[in-house]
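Report on the following structure.
The values are calculated or read from the model by the stated rules, or taken from the named source; none is laboratory data. It should be emphasised that the depicted structure is a prediction, and the values quoted were computed from it without experimental measurement. Here the Cβ positions follow ideal geometry from the backbone for every residue, glycine too, while neighbour counts run over all protein chains shown.
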Amino acid sequence: MLSQNSAARHAEMKLSSLSRERIFALALIAPCFLFVVVFAFYPILYSFYLSLHRIILGIPSLGQPFTGLENYRDLLHDRIALHSLANTLLFVFISTFLEILFGLIIALVINRHFRGRGMVRAAILVPWAIPTVVSSQMWRFIFNDQYGLLNYILYGSDTSRYSAWLADPVYAFSAIVAADVWKTSSFAALLILAGLQVIPDELYEAARMDGAGAWQRFRRITLPLVKPAILVALLFRTMDAFRVFDLVFVMTQGGPADSTNVLQFYGYKKMFTEGLMGYGSTISVVVFLMALAVTLLYIRVMGKGMLKAENA
Amino acid sequence: MPEHAGSPFMNRVPFFATTFVVVFMSLLPFAWFLNTSLKTPIEVTAIPPVLVPSGTLHSYRSAITEYNLLHFVRNSLIVAGLTTFFTILISVFAGYALARLRLRYRGPIMGSLLLVSMFPQISIAGPVWRILHALGWLNSYQGLVLPYVTLTLPLGVWILAVFFRELPDELEDAARIDGCSHVQTLFRIMIPLAAPGVFTAAILVFIYAWNEFFFALLIMTQQKFQTLPVGIALFQGQYTLPWGEIAAASTVATVPLVLLVFLFQKRIVRGLSAGAVK
């Protein structure tokens, strides 16, 4: 009787300790939750609301009349916006592809034990740590038409042959891709390296005993096992490439002839230079939806990839 | 003993060649800028380029007196410092709750944090600007720190959640048995143990806030409040770009980060892969 009673009381205490733990946990995440809701989720919804109105910051007397989907219709006929969209997608594809490729090569190189490995790792982290604005100014200086290092390397002191790289549409776009690849390949390398380091050495040993060549070992062991890490790096790099802004702002201001205009820069100009808050928000919403779609796609693919890796 | 363990298809010569090229390419562009910052104005634009600068501090002096460099540095220190403090404070609590307490909707919470870290900034720029405008906080430190805290929380919470999860259960259980309350367990036992994680997260958050440009550009339109990246991006000479001064300011903005990287590269790598892989 007595023991039954104490057992019941024990259960009751356990229950209350569980709910006390839950309340404590909620209190601990509340500040984080508050920040994210007020400054991230609410603004997303608010962007959508703004995109359905005509709001011009320079003309407050206009109020903010509801215009339905008019801004979206205008966006479809906005040649610069469509051009910026094409540029953004091209930038995302080319820069991410190159970053993952170089990242994989760098990771394979530094994934072994050698003296000075820490120093090498720190050196390749330098581009990642440099503020993007600084690296943008740095590359702009290197690409300078009159005294840039690139012109000197290519043409020596023959200044008559010097080229204004950032004034040419194709070269300007390539310059931005190059600056981005330089800055972020090392980040990709570190994520891929984390994946390489969990592959047990015994696998390579066994493969070598079985007479597998270097290329076979890479194809059959390294690549499949490092795939999840590559996907993670790909996801992070893709999302980061979508929001390219600093490079464009500093190096080209979207020019020449909008050849380096990208959505984030175009939206910024519409909203904050021209004061078209409503129309600019339309661009915000479109960029958000694209980013969301890509994230969900990756997470689906990665989910499957991880499952396969665990089963194997 | 195999001559190397990890990557299977490289032997000595190509290995050192690749390593050399990678290190060289990583360091050369910035070394060139650092070199430029130590040149006289005439050396900066000379063709052929001057390889060994005269070592003058002219550009630094000019950046300080003509372009208010120290003022930008001060603003950056304030904004990045406050952001780091508040993000870490909030992340320690949230990371602990998500890693070690029984909490509903843990998955969706971690997922939505990941989503926040993926947002293109433009998708929240207009509304954030409007909120801060309504509060009268454009051109104020808190006006920039609030969005920075929000944007760095995913990083902080993920890293700390991973660190807290790796701590052994026994210590926490022992504390409970000794009659410690949840609050006491957190402050007396868990937070001191998570100090390395806190430090790692703090470095990464600080670097993010120190480097951020987009929101700083929107929110700080008066020079009085602008941070270093905004200052460097908007450097304008009267007729030509003051490359020597830009290079000097860039060096000032970068050297602290390069030091952090060389001192703490192991931590940084672990933090980045904790935030990304797990």
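Among residues belonging to segment A:50-76 that are among the polar types (S, T, N, Q) and either within 14 Å of chain B (Cβ to nearest Cβ) or exposed (fewer than 12 other Cβ atoms within 10 Å of the Cβ) (or both), point out the one that is nearest to B:THR152 (Cα to Cα). Steps first, please.
The first filter runs over segment A:50-76 and keeps only residues among the polar types (S, T, N, Q), leaving A:51, A:61, A:64, A:67, A:71.
Those left that are additionally either within 14 Å of chain B (Cβ to nearest Cβ) or exposed (fewer than 12 other Cβ atoms within 10 Å of the Cβ) (or both): A:51, A:61, A:64, A:71.
On the way: A:SER51: 27, A:SER61: 37, A:GLN64: 33, A:ASN71: 32 Å.
In this case the residue turns out to be A:SER51.
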Meets criteria (under 28 Å from B:GLU212 (Cα atoms), among the small types (Gly, Ala, Ser) and either in contact (Cβ under 8 Å) with a residue 60 or more places away in the chain or more than 9 Å from chain A (Cβ to nearest Cβ) (or both)) for B:ALA99: no
Kindly indicate whether any position in segment B:67-87 is farther than 30 Å from A:PHE35 by Cβ, out of contact with any helix residue (DSSP H, G or I) (no Cβ under 9 Å at 6 or more places or on another chain) and modelled with pLDDT of 90 or more. no
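Give segment A:177-231 a look and list any residue that's small (Gly, Ala, Ser), surrounded by fewer than 20 Cβ atoms within 10 Å (Cβ to Cβ) and either part of a helix (DSSP H, G or I) or touching a Ser or Thr at 6+ places or on another chain (Cβ under 8 Å) (or both), or say none.
Initially, segment A:177-231 is screened for residues small (Gly, Ala, Ser), giving A:178-179, A:185-186, A:188-189, A:194-195, A:206-207, A:211-214, A:229.
From what's left, surrounded by fewer than 20 Cβ atoms within 10 Å (Cβ to Cβ): A:178, A:206-207, A:211-214.
Matches in segment A:177-231: A:ALA178, A:ALA206, A:ALA207, A:ALA214.
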If you take the residues of segment A:188-238 that are charged (D, E, K, R) and more than 27 Å from the chain's Cα centre (by Cα), which of them is farthest from the other protein chains (Cβ to nearest Cβ)? A:ASP210
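For residues that are over 24 Å from A:GLY156 (Cβ atoms) and not hydroxyl-bearing (Ser, Thr, Tyr), scanning just segment B:39-62, find the one that is modelled with the lowest pLDDT. Outline the logic, then answer.
Step one: filter segment B:39-62 for residues over 24 Å from A:GLY156 (Cβ atoms), giving B:55-62.
Then keep just the ones that are not hydroxyl-bearing (Ser, Thr, Tyr); that gives B:55, B:57-58, B:61.
Details: B:GLY55: 87, B:LEU57: 94, B:HIS58: 92, B:ARG61: 95.
The qualifying residue modelled with the lowest pLDDT is B:GLY55.
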Pairs only if they're at least six apart or on different chains, beta carbon under 7 angstrom, first in segment A:211-224 and over 14 Å from A:LEU104 (Cβ atoms), second surrounded by 12 or more Cβ atoms within 10 Å (Cβ to Cβ) and among the hydroxyl-bearing types (Ser, Thr, Tyr); list them, first residue then second. A:ARG217/A:TYR204; A:ILE221/A:TYR204
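Looking at A:ALA175, A:ALA207, which one is more than 26 Å from B:ILE124 (Cβ to Cβ), among the aliphatic types (A, V, I, L, M) and touching a Lys or Arg at 6+ places or on another chain (Cβ under 6 Å)? Before you say what the answer is, go through the steps one by one.
Working: A:ALA175 fails: touching a Lys or Arg at 6+ places or on another chain (Cβ under 6 Å).
Step by step, each of A:ALA175, A:ALA207 is checked, and only A:ALA207 is more than 26 Å from B:ILE124 (Cβ to Cβ), among the aliphatic types (A, V, I, L, M) and touching a Lys or Arg at 6+ places or on another chain (Cβ under 6 Å).
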Qualifying residues in segment A:278-293 (those that are farther than 14 Å from A:ASP240 by Cα and among the hydrophobic types (A, V, I, L, M, F, W, C)) - the one farthest from the other protein chains (Cβ to nearest Cβ): A:ALA293
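Looking only at segment B:209-220, which residues are part of a helix (DSSP H, G or I) and either facing another protein chain (nearest Cβ under 10 Å) or farther than 13 Å from A:ASP246 by Cβ (or both)? Walk me through how you get there before you give the answer.
First pass over segment B:209-220, keeping only residues part of a helix (DSSP H, G or I): B:209-211, B:214-219.
Across segment B:209-220, the qualifying residues are B:ALA209, B:TRP210, B:ASN211, B:PHE214, B:ALA216, B:LEU217, B:LEU218, B:ILE219.
Scanning segment A:167-176 for residues that are under 17 Å from A:SER84 (Cα atoms) and assigned to a helix (DSSP H, G or I), which turns out nearest to the chain's Cα centre (by Cα)?
Result: A:ILE176.
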Is there any pair with a first residue in segment B:37-55 that is more than 10 Å from chain A (Cβ to nearest Cβ) and a second that is of a type in the set (Asp, Glu) whose Cβ atoms are under 7 Å apart and which are 6 or more apart or on different chains, and what are they? B:VAL50/B:GLU43; B:PRO53/B:GLU43; B:SER54/B:GLU43
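Do any helices (runs of 4 or more DSSP H) lying entirely in segment A:74-163 carry at least 3 residues that are farther than 27 Å from B:THR18 by Cβ and among the small types (Gly, Ala, Ser), and which ones are they? Can you show your working first?
On the way: elements: A:79-110, A:117-129, A:132-142, A:149-155.
Counting at least 3 such residues, we get A:79-110.
Which one of A:SER95, A:SER47 is away from chain B (no Cβ under 12 Å), among the hydroxyl-bearing types (Ser, Thr, Tyr), surrounded by 19 or more Cβ atoms within 10 Å (Cβ to Cβ) and under 28 Å from the mean Cα position of the chain (by Cα)? Let's see the steps before the verdict.
Working: A:SER47 fails: away from chain B (no Cβ under 12 Å).
The conditions single out A:SER95.
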Of the conditions (1) surrounded by 24 or more Cβ atoms within 10 Å (Cβ to Cβ); (2) facing chain B (nearest Cβ under 10 Å); (3) assigned to a helix (DSSP H, G or I), A:VAL244 clears all except one; give me its number. (3)
